[in-house]
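Participant: Pasting in a structure now, in structure tokens, and then I'll have a few things to ask.
The values are calculated or read from the model by the stated rules, or taken from the named source; none is laboratory data. Given the structure is predicted, the values throughout are model-derived calculations rather than measurements. Counting neighbours? That spans all protein chains shown, and the Cβs are built from the backbone with ideal geometry, glycine included. SASA here: full protein model, heavy atoms, side chains in, ligands and nucleic acids out. Shrake-Rupley method; radii C 1.70, N 1.55, O 1.52, S 1.80 Å.
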Amino acid sequence: MQLRGLELKTRLWKAVGFVMMLTILLSLRWFAQPGMVSADPFHTSDPATSLTIRVGYYGGPYHTKKVYTLSDLEAMPQVEQAYTFIDSMPAVVLDSARGVKLTDILADSGIDVNSVEAFYFYATDVKKGWYECLPKSFLLDTDRYYYPNLPTHWDFETQSAIPGAVYGAVQVEPIIALHDNWKRFATYPDFTVHDTSTRFRLLFGQNDTSTRTASRSAKWVHAIEVMLGGMPPTGIVLNQEIANVKVGSTVQLTAAILPPEESTDRRITWKSSDTSVATVNRDGLVKVVGPGTAVITVSTVVGNLTASCVVNGPEGGVDQLAASSAGGPPNNVERGDQTGTQLPETDQQYLEDKEAADTVSKTSRVSLERSGSQPWRVFEMSADAVPLQQMKEKNSMDIYAAILFAILFLFGSGRGYMEYVREETR
């Protein structure tokens, strides 16, 4: 009986030792693996086959500006450049890559780089949400470098760069790599290897020799959402809607964009419905050049929000003019040596469209949080846009907590069983 209890005790401790050894090995692999906790560190993926560029404001919606195929990107100007990174070991990584500048992709997509506040990179190995978010201040506004001396000037005992690592630094720009050669412990670039298995990969270089940024170099990127700063205008109004003046007179119109403090693109355009009656310059100065009625319209470049002023029109202004257009010819109204006449059919249609646009602009108010203080340019969003989804991060330590719990459970159960065996053998 005593021999049997001893044999059971030996088997139990062997099982506990095996579980503990497995836990240690998994932990070492997890710590050595570069990557964010939000993505599965043991997961691989297929190369991205296209790159979608979407644009929007904080909170969405976002809409597609352009979708690039591999051949589209290959037809753009190419950059061949080496990049250095420090991974989570920490150790130096050297990547020899060929791709397209991120700024060239933005320009080709029709996005003003000065409007950008942040980038969201979506990877094929993350099924829901984005893998990495990088602000423009980090990615584009900070000078970034390739340190050719860093791989040979790295002390593995202190896990830090030694003097001379920054010498010969080469300034680099962020690119989307079509192929690269990502190597840990490499000491010189090798552009002969064209690895496309991680396509498309974001590469951006370093701004020091100590920060660990390898995990932020997203691979398998299939979409980039570009978040713009600020918010678009929500309305526009004029200082007057009616101007009754004689031929040869001038009227100064002033436009106010709503909201006055938060709208970020305040560009406007002016237009006269009949330049033989009234003209308007870029500053809103109206000059009456002939008899008749004209409608001066100011529009926002973004959103095409409008406001109008009727020059020498009916007593009721825009409302009376619209009503006259719907109900028949208006009564002639004397204006000194001028006589009011019915607007041409094109102007009637314009006033109907204008009335509908005014209704939308008065009821449309957007309450978005202002972001940044740059003179942002703003892009119009489409109706089929989808909002940005925040990625739900995974907790990579859950599996290790479960293993630790299992070890403690087995250890406790084993001790209880051994006490039972001792009691039986007495």
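Participant: Evaluate the relative contact order of region 100-167 (contact order divided by residue number), counting alpha-carbon pairs under 8 angstrom at least 6 apart; express in whole percent.
Facilitator: Averaging sequence separation for qualifying contacts and normalising by length gives 19 percent for region 100-167.
Participant: While we're here: From the phi of every residue in region 213-229, what ³J(HN,Hα) in whole Hz does the Karplus formula 6.51 cos²θ - 1.76 cosθ + 1.60 yield, where θ is phi - 60° and glycine or proline is x?
Facilitator: Coupling constants for region 213-229: 10, 4, 5, 8, 7, 5, 10, 6, 6, 10, 7, 10, 9, 9, 8, 8, x Hz.
Participant: List the residues whose amide H sits under 5 Å from the amide H of L228, counting only those 5 or more places along or on another chain, with H placed 1.01 Å from N in the peptide plane.
Facilitator: Counting only residues 5 or more places away or on other chains, the set is G56, Y57, Y58, E117.
Participant: If you plug each phi of region 92-98 into the Karplus form 6.51 cos²θ - 1.76 cosθ + 1.60 with θ = phi - 60°, what whole-Hz ³J(HN,Hα) values come out, in order, with x for Gly and Pro?
Facilitator: 8, 10, 10, 10, 9, 10, 9
Participant: Could you tell me what percent of the accessible area of region 49-120 is made up of carbon and sulfur, with a 1.4 Å probe and every protein chain present?
Facilitator: Summing carbon and sulfur atoms, their accessible area is 47 percent of the total for region 49-120.
Participant: Now for a separate question. Pull up all non-local amide H partners of Y68: gap of 5 or more, or a different chain, and H-to-H distance under 5 Å with H placed in the peptide plane.
Facilitator: Under 5 Å from the amide H of Y68 lie the amide H atoms of L51, T52, I53, each far enough along the sequence or on another chain.
Participant: Out of the total accessible area of region 237-297 (probe 1.4 Å, heavy atoms of protein only), what percent is carbon and sulfur?
Facilitator: Heavy-atom surface of region 237-297 belonging to carbon and sulfur, 1.4 Å probe: 50 percent.
Participant: Measuring with a 1.4 Å probe in the full set of protein chains, what accessible area per residue, in whole Å², belongs to region 32-169?
Facilitator: 42
Participant: If you don't mind, there's one more thing I want to ask. Count charges around F138 for me, please; just the other residues with Cβ under 10 Å from its Cβ, Lys/Arg as +1, Asp/Glu as -1.
Facilitator: Neighbourhood net charge equals +2.
Participant: For region 64-199, what's the relative contact order in percent, using C-alpha pairs closer than 8 Å and at least 6 residues apart?
Facilitator: Value for region 64-199: 29 percent.
Participant: Taking K and R as +1 and D and E as -1, what net charge do the other residues with C-beta under 9 Å from the C-beta of R201 add up to?
Facilitator: 0
Participant: Could you work out how far apart the two model spin labels at V67 and E157 are, taking each label as a point 7 Å from the Cα in the direction of the beta carbon, and quote it in nm?
Facilitator: Here the answer is 5.7 nm between the modelled labels.
Participant: Going 7 Å from the Cα of S45 toward and past its Cβ, which residues in region 105-140 have a backbone nitrogen under 14 Å from where you end up?
Facilitator: 120-133
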